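The next block holds one structure in the form of structure tokens; read it before the comments.
Each reported figure results from applying straightforward, stated rules to the coordinates on display, with no laboratory input. Just so we're clear, the structure is a prediction, and the values are computed from it rather than from any experiment. We place every Cβ from the backbone using ideal geometry, glycine too, and count neighbours over all the protein chains shown.
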Amino acid sequence: MTASSFHPPVRTLMGPGPSDVNPRVLEALSRPTIGHLDPEFITLMDEVQELLRYAFCTSNALTMSVSAPGSAGMETCFVNLVEPGDKVIVCQNGVFGGRMKENVERIGGVAVMVEDDWGRAVDPARVEDALATHKDAKILAFVHAETSTGALSDAQALAGLARQHDCLTIVDTVTSLGGVPLRVEDWGLDAVYSGSQKCLSCVPGLSPVTFSQRAVDVITSREHRVQSWFLDLNLVLGYWQGGGKRAYHHTAPVNTLYALHEALVILQEEGLENAWARHRSNHEALKRGIEAMGLEFVVPESERLPQLNAVSVPEGVDEAAVRSALLNEYNLEIGAGLGAMAGKIWRIGLMGYASNPTNVLFCLGALEAVLSGMQAPVTPGVAVAAARAALEA
Ligand SMILES: Cc1ncc(COP(=O)(O)O)c(C=O)c1O
């Protein structure tokens, strides 16, 4: 086979991630590669750490970017905090809580599951019961923003309960960071991981993480060696510690870190609270249009993520055919349901750079055209006007 250069189509990414990447981030990615121990690169790493502290709302010293996607951030938290035999209370209200369970069990820990309906937030009352029943639990693990269903859980309340029971928390913020309020320090979260490709609108492949001093104390006084060499924070720390003392651990993804740096600079320029407000207002506009068309949201309004809109597929509509038509005719990507929700929902992302009024109107117009063309039970001609009215209000 003789291959030639790959030129991807230009899509609008309104699925569950990756989201559209800001052109400034793509430009940063293409700057000249320098050595990963070059003093200039070390300065960049220090800045990435400081910018991540801003994004996570924390002063945690151990704040950095794992050189792999969100799943590696998840695994970093679990392999460093959980030891064989440890009990972890894991909340599951979608796909990603199931992955947390898998992580605990692969380490040889015991996962105590607190299950909630998919499409609902984690219920603090159930968590409180589990903490009261399992007084020997070491960690409470939960997903702040469940991308598989579009549900937002109350991380502050859950972390408060964990503290009352002297438990550490592991919190998945892959989809929440930069999109909804997340205050790691004020809320007392201990081990927090995220992803570069959602509301930060950076390219995929990095996982920002941050650890409280309580978590660091547990990591540095472990009984067993961390089972993963690559993710062992006791070793990675030597690479990410500041003050020009960096020692070789692995070759950092140099250009990807330029991209993350640029994405975080953009976030700082906008202001974190303005970014949260933007995600909220674009969601409000999309919601008006979706509901005007006669479609329904999966998640109750008070538990809904603004950046990930799960919409029920109307009876008799072939959900995959709709997504294909949007992709082929409009270059527009929206997401399918995962796991128990496969075939039943669409997931419309309004994340980071992609969360803007133009995309809201474009998506509503395209969706309405495709659904009307299929004789789906929707009200035509009203969605865009409803969203515009919300945007202009
Ligand atoms: C809530 C959540 N956790 C973890 C992950 C895993 O991240 P990645 O796909 O970057 O490994 C995702 C990815 O969509 C996610 O949405």
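Structure data summary
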{"item": "Counting all C-alpha pairs of segment 240-310, share separated by more than 21 Å (%)", "result": "53 percent"}
{"item": "Separation of alpha-carbon centers, segment 202-233 and segment 318-353, rounded to whole Å", "result": "34 Å"}
{"item": "Dipole of the chain, positive direction: furthest Cα of 144, 377, 33, with charges on the beta-carbon", "result": "33"}
{"item": "Test item: Cα-centred dipole of segment 277-371, Lys/Arg +1 and Asp/Glu -1 on Cβ, debye", "result": "340 debye"}
{"item": "In Å, descending, principal axis extents of the Cα set of the chain", "result": "63, 55, 50"}
{"item": "Percent of beta bridges antiparallel (DSSP, the chain, rounded to nearest 5)", "result": "50 percent"}
{"item": "Dipole magnitude of the chain, debye to nearest 20 (Cβ charges: Lys/Arg +1, Asp/Glu -1, about Cα centre)", "result": "400 debye"}
{"item": "Tail weight of P(r) past 27 Å, computed on alpha-carbon pairs of segment 166-304, percent", "result": "36 percent"}
{"item": "Alpha carbon Rg of segment 27-92, scaled by the compact-globule rule 2.2 N^0.38 Å", "result": "1.47"}
{"item": "Placed amide H near residue 332: partners under 5 Å, 5+ positions off or other chain", "result": "12, 327"}
{"item": "Computed [θ] at 222 nm, helices only, for the chain once each DSSP H run of length n ≥ 4 contributes -39500 (n - 2.57)", "result": "-13500 deg cm²/dmol"}
{"item": "√(5λ) per eigenvalue of the Cα gyration tensor, segment 238-393, largest first, Å", "result": "36, 19, 14"}
